[in-house]
Amino acid sequence: MIVTIVVFVLIFGVVVIAHELGHFLIAKLNGIKVVQFSIGMGPDLIKFTKGDTKYVLKLLPIGGACMFEGEDGVYSDKKDTDEKEAFNAVETKPEGAFNDANVWARIATVFAGPFFNIILSCCARSFSSEADCADLSAGTSSSALRRPLSRTTARRCSGSQTSCRTSLRPR
């Protein structure tokens, strides 16, 4: 039971990191300022700042966030001003705000998270297919049940990995 939970958390963590990394990389490529890149939810465990981005690892491994400058209409302000100056000041939009990026840059940034998850799933599937082909020499499939393959299937797959992937059929 504990092993299952640990494995789930690790796999889910990889999926979350891939997703948020997709948003992060495409935002940076499009000149959008990333204010915070965080993995997890809840209180901060580890945090550091590099450049303009704050990197955070949080306690609960159930998600993540990639926050962009001006994403919600609020802009970060690093200048120290008193309340009167802040109240009377005209709001200026900093360079690299999400809402000021062109529409295709915003679409690409939002779409990048799910797209990186698709890439991750394709990579994971290709690695599992290679494992299926490697197990043919032992005459078994790498499914959870470890059912033996029929002799005709094993013979048919022995020459080509392409045909192996499409014809794995347990008896």
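The values are calculated or read from the model by the stated rules, or taken from the named source; none is laboratory data. Every value quoted in this text rests on a predicted model; they were computed, and no experiment measured them. With ideal geometry, Cβ positions are generated from the backbone for all residues, glycine too; neighbour counts draw on all protein chains shown. Side chains are part of the model used for accessible areas, which takes the heavy atoms of the whole protein and leaves out ligands, DNA and RNA. Shrake-Rupley method; radii C 1.70, N 1.55, O 1.52, S 1.80 Å.
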Report task. Using a 1.4 angstrom probe, figure out how much accessible area the range 18-72 has per residue, in square angstrom, rounded to the nearest whole. Result -> 53
Query - In Å², nearest 10: area of Met41 left accessible to a 1.4 Å probe - result: 80
Query raised in the report: Per-residue HN-Hα couplings for the range 10-24, Karplus 6.51 cos²θ - 1.76 cosθ + 1.60 at θ = phi - 60°, whole Hz, x for Gly and Pro?
Result: 5, 5, 4, x, 5, 5, 5, 4, 4, 4, 5, 5, x, 4, 4
Report task. Please arrange Ile32, Ile26 by accessible surface area, largest first, computed with a 1.4 Å probe and ligands excluded. Result -> Ile26, Ile32
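Based on the Cβ-Cβ distance of Val103 and Leu29, what FRET efficiency does E = 1/(1 + (r/R0)^6) give at R0 = 22 Å, to the nearest 0.05? If you can, show how the numbers build up before the last one.
Numbers: r = 16 Å, r/R0 = 0.71.
It comes out at approximately 0.90.
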Report task. Would you mind checking which residues have amide H under 5 Å from Val35's amide H? H placed 1.01 Å from N; only 5 or more apart, or other chain. Result -> Met67, Phe68, Glu69
